[in-house]
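Here the structure is laid out as structure tokens; the discussion comes afterwards.
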Amino acid sequence: MQMWMFAACGAVFVVYLLYTRQFKWLLGVVKNTVLGVAGILAGNFLLGSMGLIVGINALTALIVGVLGVPGLLLLYAASMMVR
């Protein structure tokens, strides 16, 4: 019974997201996250010889996904400070 209620609430939430602007924002964050992870990989490849490496995990992906390029630069600046 609880699982059906959870599924029904989830379905209502998905339908709500499909008809609002939040869904477009969510798709933008997902797109930025994928591109940001690719940017981190490229940055690690190019800057790894200098010791600037940013780990890829959920937090760094979320930072880059929400903030975009400034978030990517923030992560590398923080990496420089820690080093």
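Counting only helical runs of four or more DSSP H residues, what would the 222 nm mean residue ellipticity of the chain come to if each run contributes -39,500 (n - 2.57) and the total is spread over all its residues? Working shown, then result.
On the way: 4 runs with 68 residues, N = 83.
Per the formula, -27500 deg cm²/dmol.
Couplings 3J(HN,Hα) of the range 76-83, computed from phi: 6, 5, 5, 5, 5, 5, 6, 5 Hz, in residue order, whole Hz [Karplus 6.51 cos²θ - 1.76 cosθ + 1.60, θ = phi - 60°; x for Gly and Pro]. Relative to the dominant Cα principal axis of the chain, helix 58-67 is inclined by about 90°. Helix 21-47 and the longest principal axis of the C-alpha atoms of the chain enclose an angle of approximately 20°. Highest mean first, the peptides 11-20, 44-53 sorted by other C-beta atoms within 10 Å per residue fall in the order 44-53, 11-20. The ellipsoid that matches the Cα gyration tensor of the chain has semi-axes, each √(5λ) in whole angstrom, of 36, 14, 9, with the longest given first.
Throughout, read-outs are computed from the coordinates displayed, never taken from laboratory work. Keep in mind it's a predicted model, so treat the numbers as computed, not measured. So basically every Cβ, Gly included, is an ideal-geometry build from the backbone, and we count neighbours across all protein chains shown.
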